[in-house]
Amino acid sequence: MSKPEAHQFQAEIQQLLDIVIHSLYTDKEIFVRELISNAADACEKLRFNQSSGQAIQQSEIAPAIAVTTDDKAGTITIADTGLGMTHGELVENLGTIAHSGTKAFLKQLTEEKKPDVGLIGQFGVGFYSAFMVAKRVTVLSRSCVPEEPGWQWVSEGGGGYELAPAADLPRGTRITLELKDDAKEFAQADTIERIIQRYSSFVPFPIELNGKRLNTVQAIWARSKSEIKEEEYNEFYTFVGHDHDQPRFRLHFTADAPLAIQALLFVPQRNFESMGMGRMDSEVNLYCRKVLIAAKAKGLFPDWLRFLKGVVDSEDLPLNISRETMQDTSLMQKLNKVLTGRFLKYLDEQSEKEAEAYEKFYSEYQRFLKEGVVTDFTHKEALGKLLRFESSALDMGQLTSLADYVKRMPSEQKEIYCLLTPNRAAAESSPYFEVFRERKWEVLFLYDPWDEFVMEHLHTFDGKSLRLAEKADLHLSETKKDGALAEDAAKALAQWFKATLGDKVGEVRLSQRLVASPAVVVDADKFMTASMRRMMKAMKQEAEAGAPMKHDLEINPAHPIMARLEATRVQDGALAASVAEQILDNARVAAGLLEDPRTMLTRLNQLLEKVLTKA
Ligand code: ADP
Ligand code: MG
């Protein structure tokens, strides 16, 4: 047998190896991922050569990967029947010619306080991760080029490597790691099985561990949609989503520009957060060419899409991406923007095509969309399209989009109106709704306490301002009502109201918006709304109990109560004052502002008593 040739590693590679060998890293296990993805690449290349008609050595052997562990000997072997390497390729690929990424990776390793060796594969030097765990690495390889002989490459990391001919090898590459004493766990089959399941479940070639087939779930995201059966999607979802229900929605898409992306995203049947299971974490895993880069990748989607599950695969992940800084890199942001935009577009399409399914989705997940409106400026417009509300123009239980609302707007209406209300009945009997009913203008009924903030953040839709009904500056059309107070009398009554109620109200004005209600409270503050006041009051009450809040009062001079009150205040001042107070409280009730209605019961009872005495 001829004497082995001794080779030196190139200086940069030797430097890299010294760091890899002598430093303590926590995620040593990634060497399995790196060697398996090299094996998978080799199988892929073989398949490509075969399909392009090249002659192949031992073409009857199918491309596959076999891993064997030997815990007695303390070794692990990763073998593939891929394209193998010639003598020249072994020299070039394993130690002589540094890839362009070597320098960048070295830089990161030496500069970072906590160097992330887990990214070694991203820098094109994944092979050397073997030396984190091995004191000696032996590579047996035989190229797929017909007639090429086999070679043995051996190295202990330091001091270069040796090359010698090896007889009777099958095509492909077999890498054996003699494990260091502190890395013997990697000779345990169950440890290796767990690692392969984690990182390499979707490698598109069969992987056997000690003769047992491991990866049985396909990376269906990389296949063409038309070839995938419904059951395959569902089976895949069960696997990645850890959920035995079928998914509610599924989006499978590929993009080439601005980024190469393959994504398969699922919306689970149920919103797990609403089931009291605490805050969810996005379960979308990030892959690069079917090999896991990050499970539950942070920053891939905005927070408000944390209910999504699935897979994103991008070939464009850069060399300098590190797990801690993944969120900051502009590429991650670009990926996030593209993915989010695409998913929102999908939801919009779904709402057209599958209106019923969309509404079910909406009722389960609306809080997330609303969170998006409030927290995410970038996608506000697209999110606005997805919101749904009940409306005065539709029957109870039916929902409208803002876009459909806008389509129904008469040309003289310039704004979109909404009313915050606990329920449909309260909305329809609200004094704030009267002017809209009279005008036959549509009002959205908002039942969710979040909606006020959502509308405030959304601010406009389709160029039209969103306006709370109570803030609308709308007047009734000019029809004089029978029995309405004359203007002078009405003005005098308003003054009397203010004098009587004193500090309990701000201004008292004549209302232009009331039809059936005697009075309404209106917030003096242009920007505060009743429900914001309510919240503030609730918070304030803890500190300084019940500091009274002031609202302006608008009275309806066309209401019969007002006409009679104008007469009564001359005849029976005490009774009239009592009625005025009651009117204010009634208006507060209508606005949902009276925290404790018991305070007015004494007065109400006295009034009832008077009514009955007179009758
Ligand atoms: P990368 O995979 O990013 O190119 P590696 O350091 O992992 O970087 O591998 C270096 C090179 O060694 C590969 O590009 C490939 O040419 C060669 N190589 C590694 N493992 C194998 C293998 N199992 N079969 C064939 N070639 C391999
Ligand atoms: Mg590699």
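The values are calculated or read from the model by the stated rules, or taken from the named source; none is laboratory data. Because the structure is a prediction, the values reported are computed rather than measured. Glycine gets a Cβ as well: all are built from the backbone with ideal geometry, and neighbour counts include every protein chain shown. Keep in mind that these areas ignore ligands, DNA and RNA; they rest on the heavy atoms of the full protein, side chains included. Shrake-Rupley method; radii C 1.70, N 1.55, O 1.52, S 1.80 Å.
A few comments on the model shown:
- Stretching the chain fully between residue 603 and residue 182 yields a gain of 143.1 nm (0.36 nm per residue, less the alpha carbon separation).
- Degrees between helix 100-111 axis and first principal axis of the chain (Cα, 0 to 90, nearest 10): 70 degrees
- Enclosed volume per residue, in Å³, of the convex hull spanned by Cα atoms of the chain: 207 Å³
- Over region 5-213, relative contact order from alpha-carbon pairs under 8 Å, at least 6 apart, %: 32 percent
- For region 1-61, the fraction of C-alpha pairs more than 15 angstrom apart is 72%.
- Lys, Arg +1 and Asp, Glu -1 on Cβ, resulting dipole of the chain about Cα centre, debye, nearest 20: 1280 debye
- Measuring nothing but how far apart in sequence close Cα pairs (under 8 Å, 6+ apart) lie, relative to its length, the chain scores a relative contact order of 8 percent.
- Relative contact order (%) - region 267-314, alpha-carbon pairs under 8 angstrom, separation at least six: 44 percent
- Table column - 3J(HN,Hα) (Hz), region 589-605, Karplus curve with 6.51, -1.76, 1.60, x for Gly and Pro: 4, 4, 8, x, 9, 8, 5, 10, x, 4, 4, 9, 5, 4, 5, 4, 5
- Cβ-based charge dipole, region 5-213, positive-most Cα from 14, 177, 166: 177
- With the whole protein complex present, residue 173 retains an accessible surface near 10 Å², based on a 1.4 Å probe.
- DSSP-assigned coil residues among chymotrypsin sites (Phe, Trp or Tyr not before Pro) in region 348-381, each with at most 10 further Cβ atoms within 10 Å: 377
- Cα gyration tensor, region 387-471 - rounded (a/c under 1.5), prolate or oblate: rounded
- Accessible area of residue 194 in the full protein assembly, 1.4 Å probe (Å², nearest 10): 120 Å²
- Shape call, region 149-219: gyration tensor on alpha carbons, a/c limit 1.5: oblate
- Note on residue 429 and residue 164: the extension gain reaches 86.2 nm, defined as 0.36 nm multiplied by sequence separation minus the Cα-Cα distance.
- Hz values of 3J(HN,Hα) by residue in region 456-463 - Karplus curve (6.51, -1.76, 1.60), Gly and Pro given as x: 5, 6, 5, 6, 9, 9, 6, x
- Residue (of 139, 149, 307) at the positive-pole extreme of the chain, dipole from beta-carbon charges: 307
- Take 242-248, 48-54, 550-556, 72-78 and order them by the average number of nearby Cβ atoms within 10 Å per residue, most first; the result is 550-556, 72-78, 242-248, 48-54.
- For region 29-167, size of Cβ-based charge dipole, Lys and Arg +1, Asp and Glu -1, in debye: 300 debye
- Added length on full extension, which subtracts the Cα-Cα distance from 0.36 nm per residue, residue 62 to residue 280: 74.2 nm
- Cα centroid separation, region 39-56 to region 374-421: 56 Å.
- GluC sites (Glu not before Pro) within region 329-409: DSSP coil, no more than 15 neighbouring Cβ in 10 Å: 354
- Once both labels are positioned 7 Å from their Cα atoms along Cα-to-Cβ, the gap between residue 464 and residue 564 label points is 4.0 nm.
- Across region 365-381, coupling constants 3J(HN,Hα) worked out from phi with the 6.51/-1.76/1.60 Karplus curve, θ = phi - 60°, read 10, 4, 4, 5, 5, 5, 4, x, 4, 6, 10, 10, 5, 4, 10, 3, 4 Hz, and Gly and Pro carry x.
- Lys, Arg +1 and Asp, Glu -1 on Cβ, resulting dipole of region 349-448 about Cα centre, debye, nearest 20: 180 debye
- Of the chymotrypsin sites (Phe, Trp or Tyr not before Pro) in region 231-277, the ones in a loop by DSSP (not H, G, I, E or B) with at most 16 other beta carbons within 10 Å are 272.
- Rounded tilt (10° steps) of 189-200 against the dominant C-alpha axis of the chain: 60 degrees
- Nearest-ten-degree value, helix 30-51 long axis tilted from longest Cα axis of the chain: 80 degrees
- Three-way shape call for region 220-343 based on the alpha-carbon gyration tensor, with the a/c threshold at 1.5: oblate
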